[in-house]
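A short worksheet on the structure shown next.
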Ligand SMILES: [Fe+2]
């Protein structure tokens, strides 16, 4: 029996994952422990300690430790890459970029990563020899994070990212326990970078709020004029399926308006929107056309990789694979028969891929399918009750929690729902969720106004038992992870307005009895009361904060928002009317 520990840090969304032989044991994001959204510039210390505790082992019991960024490259390869880059793309204003390069060379220097990790762990009583920390290529980790747990014996694998070392994109062939590189795309060309640029330009947070751009897109219209302008930023060869991104639009040249777009970009697209400014039609149209182009290029890459491998099983990973609208479209391509997108496809999944890649290198050849997303900590009734007592809030222990929760939801109450092991990934999947009935026309507005404080144009997602998928969705492949968007049947759209986006699509979570029996039972009980076994399921947090992890986190969120009731295991807390 051998344990493999994957880690990633200092980028967005650090995490840790522990694999025993080929089976996942624990996997969690650091933000849930340090309570800072996406935990930028952090090491995954809380997540690492949790993984060891979950397995009941010490760090010395771990066979290999891998950090999902190839830091050894930052000693020799990356300085040379930056030099060649400067020679290829001369710019009159390179000072800022030179500072950025220096920053990255220092940030990812292997000595720094090893020393910082060893020192931080020593302060927590965990002693680790620095040489035990190995480094793995970022895109290999992305590819491993989806292929090894997909359950496919063979697959076409695409990793679509902002950047990982000097690469943004890889095409892979997964076969048996091997992942073979087929093609790669080097910086400055980057689909993730392209999308992040427009995310920032539209007044959202790059590398965090890309989903807002995606959610805005269906409100806009296709425009040939905008597509022509996008040719300047992201030219692509339709036939060859190859794309480029123009660095003079993104970061070579004066940037007086933002970090990720130059003044030449502003000349082309006009002034950027600031976060507090209203959203206008020009912003909606831009979002639509950016999303459209991403989907076109994604489809071309899928055709290419399937053509190279001959496998119609598709695995996706990388930050761009969090784009569920693109994923839905790719899954519907004639070249694709089956699709797997692991729910932590962004850099939060790097630790998982690192752990799998270490296991594969050590000779593990059989990997268990991912199965579900509940790989975080859980809390016993005794722990939950102790936390509630400390809060001094009135509570009761339910005799029939499912019936009571379903009754409250059917009445139109908004519920905090906390049970079992915490989900990995950006979506709550029924263990750290805020639940509400989608049958009320005003529920979206109430949720936004009273609890989530999100932009009113953003959609909420539905959860439903897998047995009822076809009732609401005419097409598409069921997904347990809210990672694929599909049209809702026209006849059902008006019945469940709370979960249908402006373009008639939704991003569902299908719930299986054998995976999450309590949540499955709740959906069915709600269906028995209302005729519709489908609920709005949004993450248990308020805007700007990570999803809750512990009972005290849930109690804080309950107290600070307009949640009507909170269900923690079998305990229930209600607010006075
Ligand atoms: Fe990445």
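Checking the conditions here, which among 498, 474 is at pLDDT below 90 and surrounded by 15 or more Cβ atoms within 10 Å (Cβ to Cβ)?
Unique residue meeting the criteria: 498.
Output the residues belonging to the range 186-208 that are surrounded by fewer than 20 Cβ atoms within 10 Å (Cβ to Cβ) and within 14 Å of the ligand (Cβ to nearest atom).
187, 208
Is the range 8-16 home to any residue that is out of contact with any helix residue (DSSP H, G or I) (no Cβ under 9 Å at 6 or more places or on another chain) and farther than 15 Å from residue 424 by Cα?
no
If you take the residues in the range 327-351 that are away from the ligand (no atom under 16 Å from the Cβ) and under 28 Å from residue 6 (Cα atoms), which one is surrounded by the fewest Cβ atoms within 10 Å (Cβ to Cβ)?
The selected residue is 338.
Within the range 12-32, which residues are surrounded by fewer than 24 Cβ atoms within 10 Å (Cβ to Cβ) and closer than 25 Å to residue 542 by Cβ?
Hit for the range 12-32 is 12, nothing else.
What about residue 320, is it under 28 Å from the mean Cα position of the chain (by Cα), closer than 23 Å to residue 508 by Cα and touching a residue at least 24 places away in the same chain (Cβ under 8 Å)?
yes
Scan (1) in a loop (DSSP other than H, G, I, E, B); (2) more than 24 Å from residue 318 (Cα to Cα); (3) touching a strand residue (DSSP E or B) at 6+ places or on another chain (Cβ under 8 Å) for the single condition residue 451 breaks and write down its number.
For residue 451, the failing item is (1).
If we only count helices (runs of 4 or more DSSP H) wholly inside the range 274-387, which ones have 3 or more residues that are over 30 Å from residue 64 (Cα atoms), in the same structural domain as residue 398 (by TED's automatic domain parsing) and at pLDDT 95 or above?
Counting at least 3 such residues, we get no helices (runs of 4 or more DSSP H) at all.
If we keep just the residues of the range 136-164 that are under 30 Å from residue 100 (Cα atoms) and more than 10 Å from the ligand (Cβ to nearest atom), which is surrounded by the fewest Cβ atoms within 10 Å (Cβ to Cβ)?
Top of the filtered list is 137.
Go over the candidates 415, 393 one by one and state the one that is surrounded by fewer than 20 Cβ atoms within 10 Å (Cβ to Cβ) and within 27 Å of residue 447 (Cβ to Cβ).
Matching residue, one of 415, 393: 393.
The values are calculated or read from the model by the stated rules, or taken from the named source; none is laboratory data. Computed from a predicted structure; not experimentally measured. Every residue, glycine as well, gets a Cβ built from its backbone with ideal geometry; the counts of neighbours run over all protein chains shown.
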